[in-house]
Amino acid sequence: MSIPAFEPATGLRGPHRQTLAAWLIGGGPRPAWRPERLELDDGDFVDLAHLPGTGTTRVCIFHGLEGCIDSHYVGALAAALNRHGHAVTFMHFRGCGGEPNRLPRAYHSGDTGDIDALLSTLCAREPAVPMAAVGFSLGGNALLKYLGERGDALPLAAAVAVSVPFDLAACAERINRGFSRVYQRWLIDRMKRSTHARARRLGGLPVDLTAVDQARTFREFDDCVTAPLHGFDGVDDYYARASSAPWLGRITTPTLLIQALDDPFVGPEPVPEAAEVGPRTERAISPHGGHVGFLSGTAVRPGRWLPRVIPDWVDARLTDPKAHP
């Protein structure tokens, strides 16, 4: 099945109205999550949360940059997937669950190791349970890179990626222009606080904290923090190796890309061409939607479109993956 076209809410047409309104209205009531801490082989951990399902399927959710279980796009989707019978697992990337992680490293846009650790753990626990995954923004980029790296050797029957920064260098330029710099400033302030919290816990980090405080753009922050902490040779090496764009053509899992042409985080070409993606990848491209916005209805009573369309698409793939090319 193809998903229906997105029609923006009356009065909320435009990239910033969609992006900000989705954040302002929040994610609704918090589901009754069951927490779990997953210990990793390198001595660190990631915090998980689970919702039991009524069927025999599971969907994993991966958040965006500096996101968490209370991010506006998480709760409504998790509840909708759960109503469809799916068990749901949410994973916080390292340090995003409310407690600084144990190691100097944290997480980044191309970090697929922890995704693999989670999915391998779930597959070992439930070898007969079909699984899908949904990733938002940074989480979507990491999920797509994981799919491309693993090819057929992975436990997922389907995947959805929303508002993905496919080309990290281009996105760093886009978010440093116009009103988008407001989002950049807010995110960098949160990343600086996370970096300092980890430095206090560990008694220091192998980065220049003065340069961290002076960073004003993603490129500056990634050059002085993300790249050195995660083994990259500077920001350009990080952006080249962590971007999902080079991996899209290698994805063989049924995958849905949901992207808005007016995404204020992604640019200047926010959607890969059909020839750049795998034969089992569908592109749902909308002129509007902003960054993880996709609000329909009206400005007075906006409704979230993603929790309406993603569960139906996932249902079809988990029920009979071979029926969908």
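Bear in mind these aren't lab numbers, they're just calculated from the coordinates by the rules spelled out. What you see is a predicted model, and the numbers here were worked out from it, not measured in a lab. Methodologically, a virtual Cβ is constructed for each residue, glycine included, from the backbone with ideal geometry; neighbour enumeration extends over all protein chains shown.
Using the Cα centre of the range 225-302 as the reference point, and only Cβ charges (+1 on K/R, -1 on D/E), how large is the resulting charge dipole? Debye, rounded to the nearest 20.
With Lys and Arg at +1 and Asp and Glu at -1, about 380 debye.
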Query raised in the report: What does the range 79-226 give for Rg and for Dmax, in Å, if only its C-alpha atoms count?
Result: 17.3, 51
Query raised in the report: In whole Å, what three semi-axes, largest first, describe the equivalent ellipsoid of the range 168-242 built from its Cα gyration tensor (square root of 5 times each eigenvalue)?
Result: 21, 16, 8
**Report entry** Per-residue [θ]222 nm for the chain (sum of -39500 (n - 2.57) over DSSP H runs n ≥ 4, rounded to 500)
**Finding:** -10000 deg cm²/dmol
Query raised in the report: Of all trypsin sites (Lys or Arg not before Pro) in the range 108-187, which ones are in loop regions per DSSP and have a Cβ with at most 15 other Cβ atoms within 10 Å?
Result: Arg177
Query raised in the report: How big is the charge dipole of the chain about its Cα centre, in debye rounded to the nearest 20, if each Lys and Arg gets +1 on its Cβ and each Asp and Glu gets -1 on its Cβ?
Result: 960
Query - Estimated translational D of the chain in µm²/s (Stokes, Kirkwood radius over Cα pairs; 20 °C; 1.002 mPa s) - result: 108
Report summary line: Amide H contacts under 5 Å for Gly297, restricted to residues at least 5 apart in sequence or on another chain and with H modeled in the peptide plane, are Ala9, Thr10, Gly303
